[in-house]
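The block underneath contains the structure these notes are about, expressed in C-alpha cells.
The values are calculated or read from the model by the stated rules, or taken from the named source; none is laboratory data. This one's a predicted model, so the numbers in the text were calculated from it and none came from an experiment. Cβ coordinates were reconstructed from backbone atoms using ideal geometry, including for glycine residues, and neighbour counts include every protein chain displayed.
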Amino acid sequence: MTQITIRISDPEMEEALRRRAKEANKSLNKVVLELIQAGAGLGVGKKKTPRGASLAEFAGGWTDQEAREFDEAIQIFEEIDEEMWK
C-alpha cells in the first residue's frame, strides 16, 4: 500500500474536510480518498451508467407541483361512466 502525505495549509479547507467527514460518519482519510477518486474520474465519483441511459436524465423530471397538476388534469379519466357499461 502506497502512502502519500498531504499538507493542508488552508484552515478553511481542513475545516471543510473534517466537517464533511463528521457529517458522513467517515474517517478523514476516507473522505479525502473519495474526493481524490472523484476528481480523477475513478471509483466513487465515476458514473456507473452511460450518459443518456437514464430515462429521467433524458426526458427530465417533474416537480411535485407539476406532478400534482398532471394528476388533477387526468382525474376525469379515472371516472367510470356506469351508463356506458349497461
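Filter segment 60-86 down to the residues that are part of a loop (DSSP other than H, G, I, E, B) and of a type in the set (Gly, Ala, Ser), then identify the one that is modelled with the highest pLDDT. Taking the candidates together, the pick is 61.
When the residues of segment 35-59 are filtered to those that are at pLDDT 80 or above and surrounded by 10 or more Cβ atoms within 10 Å (Cβ to Cβ), which remaining residue is farthest from residue 17 (Cα to Cα)? This residue is 42.
Scanning segment 2-16 for residues that are surrounded by 10 or more Cβ atoms within 10 Å (Cβ to Cβ) and part of a helix (DSSP H, G or I) gives 13, 14, 15, 16.
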